[in-house]
Amino acid sequence: MRRKFVAGNWKMNGLRAQLGEVEAIAAAAAAHPGVDVALCVPFTLIAPAAEVAGALPIGAQDVHAAEKGAHTGCISAQMLVEAGAKLVIVGHSERRADQCESSADAWAKAKAARAAGMHVILCCGETEAERDAGQAEAVVAEQIAGIPADADGTWLTIAYEPRWAIGTGRTPSDADIAAIHTATRARLAALTSVETAAGIRILYGGSMAPDNAATILALPDVDGGLVGGASLVAAKFVPIIEAADAA
Ligand code: PGA
C-alpha cells in the first residue's frame, strides 16, 4: 500500500518573511501523520526552513550531477544535504524549457542526489501540442526511460506534470490523468519489475488546488501531488494535505 505524498514546489518564491507559512505547513503535516508531506523551497531558504520545519522534510528544486568542480552558479547534492535538504526535484518542465535540461540530465541529477542520500522527485509530462498529437504517453515513456534498473520507491518518486496544466488553472480530465498514471506504472514495471513499480509513487502536478485535489487524489495510480502555486500559503496547501489524508 503506497502512502499518499504531497510535495510543495515554491519555485522562485519565498523569503525569510514567509517562514511562518513553512511553520504552519509543518504543523499541518504533523497533524496528518497518515500522509507524507514535503516542501521544496529556493536554495536560500533551505537552511532557515529546515530550522523551523520540525519533522517536515525540506527539499531543493535542482541539483548538479557532479560532486563538485568548476560549475559556476550550480549546487551539489552534498551542499544541499549540508543545508538540510532531504529531497530534490529534478527534470521539472520549467528547467527543461528554461535551462534546456534533457531527460538524461534529469537522471544524472537523480543519481547524484540518491548517492548523497536524498529522495528524488523526477518530473515528466507532455506539452499541449504533444497531447493534441496523441503523443503524451510516448513522451512520458521517453522521459522515464533512464530509470536505473535497481531503482525503488524508497528514494524515487515520479511526478507526472502536463506542461500545459502548470500554473494555468487547467487540468486534464480525470480519465486522462488516470490513463497516463496507469500507463506510466506499467512502463515503470517494464523497465524495472512489477514489484518495484508498485512501490514507486506517481504524483500528479499541474494546477492542483483545494477544489480539485480530492477528486484527483482518488484516481487510480495517483499517489499524491506536486503542488506549485497552491503550496505557497498554508491556507491553500493544508486543504490539499487534508484531502490526501482522506483519500
Ligand atoms: P502549479 O505548479 O501547481 O502552480 O501548476 C506545479 C508544478 O510546477 O510543480
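Some notes on this structure:
- Its residue count N fixes a reference of 2.2 N^0.38 Å for segment 133-247, and the Cα radius of gyration divided by that reference is 1.05.
- Of the residues Leu219, Leu191, Leu15, Leu45, the one with the largest accessible area comes first in the ranking Leu15, Leu191, Leu219, Leu45, computed with a 1.4 Å probe on protein heavy atoms.
- Spread of Cα-to-Cα distances over 10 Å intervals beginning at zero, given as percent, for segment 180-221: 28, 45, 23, 4
- Solvent exposure, largest accessible area first (probe 1.4 Å, DNA, RNA and ligands not counted), of His181, His71: His71, His181
- Extension gain, Leu15 to Ala129, is 37.5 nm, computed as 0.36 nm per intervening residue step minus the present C-alpha separation.
- Close Lys pairs in the chain, defined as Cα atoms under 24 Å apart and 8 or more places apart or on different chains, number 14.
- Rough spin-label spacing in nm, given labels placed 7 Å along Cα→Cβ, for Ala138 and Glu67: 4.1 nm
- Computed [θ] at 222 nm, deg cm²/dmol, the chain (DSSP H ≥ 4; -39,500 (n - 2.57); rounded to nearest 500): -12500 deg cm²/dmol
- 13 Å beta-carbon shell around Arg185, net charge (K/R +1, D/E -1): -1
- Distance from segment 76-149 to segment 16-41 (C-alpha centre basis), Å: 23 Å
- The share of accessible area on segment 108-232 that comes from carbon and sulfur is 53 percent, using a 1.4 angstrom probe.
- Evaluated at q = 0.14, 0.15 Å⁻¹, a Debye calculation over the C-alpha positions of the chain (equal weights, vacuum) places log10 I(q)/I(0) at -0.86, -1.00.
- Over segment 1-144: Kirkwood hydrodynamic radius from C-alpha pairwise inverse distances, Å: 16.1 Å
- Normalised per residue, the volume of the convex hull around the Cα set of segment 96-175 (Å³): 120 Å³
- Most to least accessible of Cys123, Cys74 (protein chains only, probe 1.4 Å): Cys74, Cys123
- Every Cα-Cα pair in segment 1-47 was counted, and those over 15 Å apart are 46% of them.
The values are calculated or read from the model by the stated rules, or taken from the named source; none is laboratory data. From a predicted model like this one, the values you see are computed outputs, not experimental measurements. Using ideal geometry, Cβ is built from the backbone for each residue, glycine included, and neighbour counts are taken over all protein chains shown. Accessible surface areas use protein heavy atoms only, side chains included; no ligands, DNA or RNA. Shrake-Rupley method; radii C 1.70, N 1.55, O 1.52, S 1.80 Å.
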